[in-house]
Structures are given as structure tokens and as C-alpha cells.
Amino acid sequence: AALLGAEEYGFATGPLIAIGCVMMRVCNLDTCPVGVATQNPALRKRFCGKPEYVENFMKFIAQDLREWMAKIGVRTVDELIGHVEFLTQKKTEGNWKANEIDLTSLLYQPKICSNDYERYYNTPQDHEIEKTLDKNTLLRLCAPAIKEGKKIEGKFEIANINRVTGTILSSEIARKYGEQGLPEDTVTLTFIGSAGQSFGAFLAPGVTLRLEGDSNDYIGKGLSGGKVIVVPREDAGFVPSENVIIGNVAFYGAISGEAYIRGVAGERFCVRNSGITAVVEGIGDHGCEYMTGGAVAVLGKTGRNFAAGMSGGVAYVYDEDGGFGDCINSELVICEDMSDSEDAKKLKGMIEKHLKYTNSDVAERILNNWDAEVKKFVKVIPSDYKKIMTVLKEEDAKGTDKEEALLIAFETVTGKTVAR
């Protein structure tokens, strides 16, 4: 890879095996026998890996690399970068097809390099971070909030060249306060316009971003306790619930926080969501894909393949015309009505907040006729997750220790007995 020009190298399966993975390929089932890919405390106890094992593995890699470097006569990795002249195409006896492959273009040595210095990284890139909205504006405005916890409000224009707005601000908050962040709504910032990619990514607790306009992809990526609100501009001439207002892969990998979107989201909404509460008025394909926690309310239509790989959390989907059944991926999940009063109460609370923050006409209409409208919602929940939550609720009522309750829930779902 270095000879072909690579200067960074990824190691994945090798180090994983070094710390004890046995390649059972059941990572998604929460039944890893060696405690690597599981949240089950009984299985996690079986994990015997140590950082030193990975360190030892990488030392072997380094030793092997040194031996190959010695064979071709170079002392440093930099002397390897881009030197394709050390590579030749291997002849494969008896395989006419392999021998017909022409690698000339791949092994071509351009004459643009006047010396070896130009073949590898030597000039730092300027990402112009100082010009970002966070660096040149938000950090200064929010300094009293970060230093003294004072409440801060602000209003700004935003354009799609302004990416990851709020992320550097959140990093400074996390640096001082850790994952607990600031009290709710300590920092409230309003933006008007079209936000660039990853608006509100990794947003910290205590920070509320309100966007009046629209957003590009990856809004709220990795949301970590903050609050994101998106509404159309006041002069918008369209019906929000019938138009896309945020891009694809919104709230990817979000772990905590809230999101209220007055309008439709693109594809892969809340993929890998593990803890946020989100309300949206319609989504594209692959919604709630690989979701593991949290709660999502969709007050409109969804695209196909909804809940593919969903193993945790719950989704409430407004199914006014009864067509949602054709959109669901039922491999891991089941659909239920809203007969459970706790579900109805939870959903109503989510929609009430959505109305409060966005002034949504859809939310207002549903709430004004709640007894009839709630019956049009479908609850989507992973079947195994439901079993686990049911057992945990029963054991909690009995006063069972939390870890013991988790073990009982695991045994109930898997049918396996865990040694105490």
C-alpha cells in the first residue's frame, strides 16, 4: 500500500482477533461468547483481552515491515511512499485470465516528482478552521456560558458553506464539563438560511440550535445531549409536511438529546440512533435503520425498508391511509396498535413538544382530535427488545437486582442459562 502511495493504514480484524475475537459472526445478536460485541454483563465478564495484546500484534507488524524494507533497501516508511518501481506484476502459471490483466497504468511512475520529498506528506493542510462560524463567532459569544454557566442567546445568518455548526462549541463545553454538559437551554442559538453538512453534529447538553430554513445531510450526527429544531422560514411558500426540509442520514449515530423537524427528512433518518427522541413529519427510505435505542415519531409517510436491522428503541408512525405495512421491514420488528396507555402518553408528550418548538399545524391537528388520531399510529418495536423490556419491568416490580434482572432477561430471550 505504501509503495502505491498510501500514507495511512487501517487495521481492523487483526487487532480484534488479538484481543480475543473468535469470528463467531453473531455481533448483531448480543450473544458474543467471548464478550467482545455484547452489552450483556454475563457475557462481558468473559472478555479477557488486554491493550498489551494489540500492542504486541502491532510490534509483529512493524517487525515484518522492517524485514521487507530491508529486502528492498529502504530505511524509513517515507522512502517507500509512491515508489512503484519496487513492484512488478506477478506471473501466474496456467492462468491465462490472470496473465491478461494489464497493470501498467497502476504501476506507472509519473515524472512530476523532482525528488523524493514531494512523494509524501510534508506540507500541512490549511482547513481554514479559523474561518468557521464556531471559531470566529460562536465561541466568543458563548464564552460566558462555558466559563460561568450564564444563559446566552444569539441569532445568525447561515449558508451551506457553514458546516458542522455547533460542533467546535460543543467540544469546548465537553472539555470543561464532560458528558454532562451544561443545564438545558443554557445556549440557545437561532440560524436563518440553509445550513451546511453536519449542522449540530455531536451537539453537547445545554445547547439548543434552532434553524429557520433547511439543512444539508447529516444534521445532528452523533447528537450527544443537545437539542435541534428545524422549521421553514417565515416567508416560506410551501406546506412543510409535504416538502423535504433536511437531508439524508439525519441524526446518524445519535446517543442522547432531542430533535424536532417541521417538515420531511431525506433517507436513512435516525440510522443507528441509540438514545435520542426525535419527531419528524415524514421521511424517505430506510428510516430507523440499525436503530438500537431512543424514540422516533413520524407524523407522516415513510419510505420503504423502514426499521431494517432495528434492534432497540421504539418508533411511532402515523399511518392515516393504512399503507405503512408495505414499507416496514419486519425481519426484526413487530407492529402494534396504540392500546397501551403508557405508549399513548409518551407519544402525546413528544407531539406536544413538537408543537411547542415548531408551531406545527400537523401536531396541532393531531392533538386537537387526539382520541381519534392516536388510533392511526402504529408502534414499531423489535420483538426481542420488547421481550427484554417486559422481563425487566416484571423483575423491577419484584425488586430484583438490576444485573440479575438483565441476566434473567437474556436467558428468557435466548433460552440459554448463564452461570451465576
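See the values below:
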| read-out | value |
| --- | --- |
| Rg over Rh, two decimals, the stretch 131-170 (C-alpha only, Kirkwood Rh) | 0.97 |
| Per-peptide average of other Cβ atoms within 10 Å, ordering 239-247, 318-326 highest first | 239-247, 318-326 |
| Pairs of Cα atoms farther than 21 Å apart, the stretch 76-216, % | 60 percent |
| Spin-label model distance (nm) - residue 418 vs residue 334, 7 Å beyond Cα toward Cβ | 2.2 nm |
| Burial order of peptide ranges 297-304, 31-38 (average beta-carbon count within 10 Å, highest first) | 297-304, 31-38 |
| Hull volume in cubic angstrom per residue (convex hull over the Cα atoms of the stretch 227-266) | 55 Å³ |
| Paired Rg and Dmax values of the stretch 292-420, which use every Cα atom, in angstrom | 16.9, 55 |
| Gyration tensor (Cα) of the stretch 297-343, equivalent ellipsoid semi-axes in angstrom | 16, 15, 9 |
| Base-10 log of normalised Debye intensity for the stretch 366-420 (one unit scatterer per alpha-carbon) at q = 0.21, 0.26, 0.27 Å⁻¹ | -0.75, -0.96, -1.01 |
| By accessible area with a 1.4 Å probe, ligands and nucleic acids excluded, highest first: order of 58, 389, 24 | 24, 389, 58 |
| Other-chain or far-sequence residues with amide H under 5 Å of residue 334's (modelled H) | 381, 383 |
| Distance histogram for the stretch 254-327 (every C-alpha pair counted, 5 angstrom bins, percent rounded to whole numbers) | 5, 19, 31, 29, 13, 3, 0 |
| Choice from 286, 127, 354 showing the highest fluctuation, given a GNM over the chain with Cα pairs closer than 10 Å | 127 |
| Of all accessible heavy-atom area on the chain, the percent that carbon and sulfur account for (1.4 Å) | 52 percent |
| Across 59/176; 386/416; 227/301; 135/221; 356/398; 50/387, pairs whose alpha-carbon gap is larger than 27 Å | 59/176; 356/398; 50/387 |
| The chain, accessible area per residue, ligands and nucleic acids excluded (1.4 Å, Å²) | 56 Å² |
| Cα-derived Rg to Rh of the stretch 15-150, Kirkwood definition | 1.16 |
| Whole-number D in µm² s⁻¹ for the stretch 1-42, Kirkwood Cα-pair radius fed into Stokes-Einstein, 37 °C, 0.692 mPa s | 268 µm²/s |
| Cα principal axis extents for the stretch 57-119, largest first, Å | 38, 36, 18 |
| Paired Rg and Dmax values of the chain, which use every Cα atom, in angstrom | 26.4, 79 |
| For the stretch 192-237, the spread of Cα positions along each principal axis, largest first, Å | 33, 20, 10 |
| Ellipsoid semi-axes in whole angstrom, largest first, where each is sqrt(5λ) of the Cα gyration tensor of the stretch 217-372 | 20, 19, 15 |
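The values are calculated or read from the model by the stated rules, or taken from the named source; none is laboratory data. From a predicted model like this one, the values you see are computed outputs, not experimental measurements. Reconstructed Cβ throughout: ideal geometry from the backbone, glycine too, with neighbour counts over all protein chains shown. When the accessible area is computed, the model is the full protein with side chains, heavy atoms only, and any ligands, DNA or RNA have been set aside. Shrake-Rupley method; radii C 1.70, N 1.55, O 1.52, S 1.80 Å.
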